[in-house]
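What follows draws every value from the coordinates through simple rules; no lab data is involved. Because the structure is predicted, anything quoted here is derived from the model rather than measured. With ideal geometry, Cβ positions are generated from the backbone for all residues, glycine too; neighbour counts draw on all protein chains shown.
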Amino acid sequence: MKLIFEKGAEGRKLSIFGASDVPAVTVDDQFLRKEAPKLPQVSEQELSRHYSALERRAHGVNNGFYPLGSCTMKYNPSVDEETAALPGFTAIHPLQDEKTVQGALKVIALMEKKLSAITGMEQFTFQPAAGAHGEFTGLLVIKAYHKDRGDEKRTKIIVPDSAHGTNPASAAMCGYDVVNIPSGADGCVDLEALKAAVGEDTAGLMLTNPNTVGIFDKNIQEITRIVHEAGGLCYYDGANLNAIMGIARPGDMGFDVMHINLHKTFATPHGGGGPGSGPVGVKGFLAAFLPGQRPVEGEDGFLHMQTPEKSYGSIRSFNGNFLVVVKALTYVTMLGREGVLEASRNAVLNANYMRKMLEDILPAAYPVTCMHEFVISLDKLHKETGVSALDAAKALLDYGIHPPTMYFPLIVHEALMIEPTETETKETMDEAIQAIREIYEMAYQDPEQLHQAPHHTVIGRPDEVKAARKPYLRYQEEA
Ligand SMILES: *Cc1c(COP(=O)(O)O)cnc(C)c1O
């Protein structure tokens, strides 16, 4: 496919603006470019066709099923986009006088209230721009807390082996040593290993619950108790709240700090081209350490931004990616308490439906009731037929289905992690189940066919390492 720069013809421009009626300004010669930039010269129709063609080459939730585990690629109502596009939200500036942006400040304060109700935390910062950024922010709160108490021997963060890869990375970024602890055969934290790992040097524990194999840890209160007893704090990785919102609260499980991915659970797609938001919530005793400024309501409205008393500074500008917060607020407000609960229930129901329907051929790595996602292992299939999780994932593309997350979590061999999300219908899931069953049968009949998959997509198997490490992003004009 041609790039937009390779289309069009000299002089074929879009002229939507009239002649300028603003007096010309003189700019110092050194700042002026010597020749005009080589912009594409195309008609509006060419432009429109170009982007439609590009869109057809990609796969989004609007094109079909997207069960990418841990990413919650659900359908988000367009009303959320509509509110975030209102000029009252888009045409304002963070340095404007508070009096003129009362609505925007109220959005932040309201969202803090809703998230507190959903999580059992007390205060939030909306600065972090993503989940991993939230982890870093929250760990800095833990660090500031220990430092404030003069307790500086705490240098270790405990992370179970079922954790998301960002957890140990964030802890290391904060200067902590990472202590890995194993999961038991049931996919839950091994309590004895945890007891052996905690001590006077424990700054905290990072945990995802439900964890990355989709299991809710039944010992969660015992886990947080053990860490607290050793003087550490508990960090909850709330990137995926899809299974528990309205049902269980990290605050009640004993967690002190957490982040939420608004760009998964709350109406912005994960990695969907655009900003994210990873607000960090804390229990009251940690509120003084939060970064940034909070809008606080006084008698005359939100006229004074407050910097928490022992704040360690700022982690990002102003209140982060504000428009993502507008979408999230629209989403939870439209759903209401009952709707939020129903979304969680359906997410869990859908995941268990798919898990059960595949059980006879590809049982889940941990064959118990799962939360919003589950992990199957293709290890046996791989050994018997040579067909790997990668082959099966690629074959799904030919069915118009986005593959599940592959080779994650690391503790499961030949893993495929499936998260149908609450917005999919039974018919869509049945089609996907049928596709997976056909691929499974094909593995025994004609494995070569699967090694070559996909057969009907625009590109087959790109070199993933090269694509990630050496992206070719800049158009070089031919000489
Ligand atoms: C997605 C995810 C993260 C990281 O979120 P980003 O916004 O991609 O940085 C962290 N933990 C878990 C469990 C996740 O699923």
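Some notes on this structure:
- Taking every full run of DSSP H in the chain, the ones that stretch at least 27 Å from end to end by Cα along their long axis and average -0.5 or higher on the Kyte-Doolittle scale are 322-358.
- Cβ-placed point charges (K, R +1; D, E -1), dipole of the chain about Cα centre in debye, nearest 20: 700 debye
- Flagged links, alpha-carbon separation over 32 Å, of K114/K356; K106/K153; K156/K383; K380/K466; K106/K310: K114/K356; K106/K153; K156/K383
- Subtracting the Cα-Cα distance of R33 and M305 from their residue separation scaled by 0.36 nm leaves 93.7 nm.
- Sorting D430, D190, D463 from the fewest to the most surrounding beta carbons within 10 angstrom yields D463, D430, D190.
- If you wrap the tightest convex hull around every Cα atom of segment 415-479 and split its volume per residue, you get 189 Å³.
- For the pair segment 1-21 / segment 345-382, the C-alpha centres are spaced 52 Å from each other.
- Neighbour counting of Cβ atoms within 10 Å sorts the residues Y75, Y472, fewest neighbours leading, into Y472, Y75.
- Segment 185-242, dipole about Cα centre (Lys/Arg Cβ +1, Asp/Glu Cβ -1), debye to the nearest 20: 160 debye
- In units of the compact-protein estimate 2.2 N^0.38 Å, the chain shows a Cα radius of gyration of 1.09.
- Efficiency of FRET from Cβ geometry, I247 and Q102, R₀ 25 Å, rounded to 0.05: 0.15
- Sites listed here are GluC sites (Glu not before Pro) in segment 347-401 whose DSSP assignment is loop and whose Cβ has at most 15 other Cβ atoms within 10 Å: E359.
- Kirkwood-Stokes translational diffusion coefficient of segment 299-446, alpha-carbon pairs, 20 °C, 1.002 mPa s, µm²/s: 117 µm²/s
- Sequence-distant lysines (8 or more away, or on other chains) whose Cα lies within less than 27 Å of K38: K2, K7, K13, K470
- Share of alpha-carbon pairs per 5 Å distance bin for segment 327-383, given as whole %: 4, 18, 20, 15, 13, 10, 9, 6, 4, 1
- Beta-bridge orientation, the chain: approximately 55 percent antiparallel, per DSSP, counting only bridges with both partners inside.
- Each residue in H455, H372, H402 was given a count of other beta-carbon atoms within 10 angstrom of its own, and listing them fewest first yields H455, H402, H372.
- Take the Cα radius of gyration of segment 181-267 and divide it by 2.2 N^0.38 Å, N being the number of residues; the result is 1.07.
- DSSP-loop chymotrypsin sites (Phe, Trp or Tyr not before Pro) across segment 3-55, with at most 16 other Cβ within 10 angstrom: F17
- Straight-line cross-link partners of K143 among the aspartates and glutamates, defined as a Cα under 14 Å from its Cα and at least 8 positions apart when in the same chain: E135, D151, E152, D177, D201, D256.
- Dipole of the chain computed with +1 at Lys/Arg Cβ and -1 at Asp/Glu Cβ about the Cα centre; of I108, L358, M429, farthest Cα towards the positive end is I108.
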